[in-house]
Amino acid sequence: ESLDKGLEKSKTSFFSKLSKAVAGKTKVDDGVLDNLEEILISSDVGVNTTLKIIERIEERVAKDKYLGTDELNKILREEIAALLAETNVGNETDFVIPTDKKPYIIMVVGVNGVGKTTTIGKLAAQFTKNGKKVVLGAADTFRAAAIDQLQVWADRVGVPIVRQEMGSDPASVAFDTLKSAVSQNADVVIIDTAGRLHNKVNLMNELTKIKRVMQKVVVDAPHEVLLVLDGSTGQNAFEQAKQFTKATEVTSLAVTKLDGTAKGGVVIGISDQFQIPVKYIGVGEKIDDLQVFNKIEFVDSFFN
Ligand code: GDP
């Protein structure tokens, strides 16, 4: 229910455009396909993924020359679900973490302003709600505000945070955080990192160093590298995904701000282009406004 509410804008705009594109038509012809291509691109699905979808629809049109426009919805829905299925388990409904890693270590990356801190706070709240002991690490030491903001979330959720002064070595903060988490027998560690993209080599070096130092405490750390992307920024989100996947091995995605955008298509394009599962979606600023991404619900919210 809240997913539908959160994604209302994407839904309305995708749907009203699609309905207009097929209005008065009884079969899917080149005109409909051209329109569909435009709609998908303007919904930020991305050019490559759009072309892939169009190609798949064309194949089906070729098979059935009189493919009706009524069926277009159904087929589109199937093809989009299939694309998402290639990268997403998509059947998770709760904030579960693997129990064979204790503590389970999540390193969070992303540029400033995308909702990184908020997502960490929301995740901490969900894991705590599920009875997990969470420790936060403020390894974005580049900005004082980042540390303070993470502290605000830690206080709000009631979880411990490990921090040092601004300007201190992020790897040292990460090291301390893991030490502390292990000694407290914590279940989950969430490490915030600085998201400076202006210098790719620095970014890569910094993330590599953080990982290496964490591995002195827990050999296979981090267990997850979660990239946070702002879903309302369309092509910027694609570009950031490209940069971060070059700098480090990103294993999952959180796409934020899908409540305030008509561009939810970015979820489809990014998971397809980068073959990384979208694990969480942000649908508001409040503590509960984070959802486990579920491909069935997502596709339904687009097409129902
Ligand atoms: P950071 O710099 O990446 O750590 O970003 P913040 O977590 O500070 O978030 C930046 C702004 O985006 C804040 O005003 C947040 O409240 C807001 N924000 C984060 N996630 C969402 C979301 O899913 N929806 C909306 N509408 N706002 C969000």
Subject >> Among F244, Q291, G265 - extreme Cα towards positive end, dipole of segment 205-300, charges at beta-carbon >> reply: F244
**OP:** Compute the convex hull volume of the Cα atoms of segment 118-202, divide it by the residue count, and report the result per residue in Å³ as a whole number.
**Re:** 90
Subject >> Positive minus negative residues near A186 (Lys, Arg vs Asp, Glu; Cβ under 12 Å) >> reply: +4
Original post:
Counting DSSP beta bridges with both partners in the chain, what percentage is antiparallel, nearest 5?
Top reply: 15
Subject >> Radius ratio Rg over Rh of the chain, counting only Cα atoms, Kirkwood formula for Rh >> reply: 1.03
Subject >> Local electrostatic count at V32 - Lys and Arg +1, Asp and Glu -1, tallied over other residues with Cβ under 13 Å >> reply: -3
**OP:** Please get the size of the charge dipole for segment 191-304, origin at its Cα centre, with Cβ charges of +1 on Lys and Arg and -1 on Asp and Glu, quoted in debye to the nearest 20.
**Re:** 580
Subject >> Calculated over segment 212-302: convex hull of Cα atoms, volume per residue (Å³) >> reply: 113
Original post:
Among A194, G282, I39, which residue has its Cα positioned farthest towards the positive end of the charge dipole of the chain, with +1 placed on the Cβ of Lys and Arg, -1 on the Cβ of Asp and Glu, and the dipole taken about the Cα centre?
Top reply: A194
Subject >> Cα-based Rg / Dmax (Å) for segment 22-82 >> reply: 10.8, 29
**OP:** Would you be so kind as to identify which of I97, G24, A181 lies farthest towards the positive end of the dipole of the chain, taking Lys and Arg as +1 and Asp and Glu as -1 on Cβ and the Cα centre as origin?
**Re:** A181
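Report the semi-axes of the equivalent ellipsoid for segment 229-273 in whole Å, largest first, where each axis is √(5λ) for an eigenvalue λ of the Cα gyration tensor.
18, 9, 9
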Original post:
Which whole-number value in Å³ per residue fits the convex hull of the alpha carbons of segment 7-155?
Top reply: 156
Original post:
Plugging the Kirkwood radius over Cα pairs into Stokes-Einstein for segment 125-278, at a temperature of 20 °C and a viscosity of 1.002 mPa s, what D comes out in µm²/s?
Top reply: 131
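Here, each number is a calculation from the coordinates, and none is a lab measurement. Just so it is clear, the structure is predicted and the values come from calculations on it, not from any experiment. With ideal geometry, Cβ positions are generated from the backbone for all residues, glycine too; neighbour counts draw on all protein chains shown.
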